[in-house]
Amino acid sequence: MKELIRSNDIVLIGFARSLLEEAGIPLFVADEHMSALEGSIGMFGRRLLVPDDHARQARRILTDAGLSAELRDEH
């Protein structure tokens, strides 16, 4: 799995998630439940992950949507 975005912004994560789901890209939002447990004060960021073989396509979709500044560095 590749981490594409790490953020405390639930709107950003939701937007990115909807773009990828619409494109049929499997994804996982890590730390979603931990953020809910801490009361949504923004202490723990959520991480948007996709399988390695979908990472390039997912990056392109998110970049085309204007989210390139939010993307984590490729490793």
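Quick one: length gained pulling residue 11 to residue 60 fully straight, 0.36 nm per residue minus the C-alpha distance?
Numbers: separation 49, 0.36 × 49 = 17.64 nm, distance 1.96 nm.
The span from residue 11 to residue 60 would gain 15.7 nm if fully extended.
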Item to check | Cα→Cβ-extended label distance, 7 Å offset, between residue 1 and residue 21, nm | outcome: 1.6
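Read-outs: derived from the displayed coordinates by stated rules, not from any lab. Because the structure is predicted, anything quoted here is derived from the model rather than measured. Every residue, glycine among them, receives a Cβ derived from its backbone with ideal geometry; neighbour counts consider all protein chains shown.
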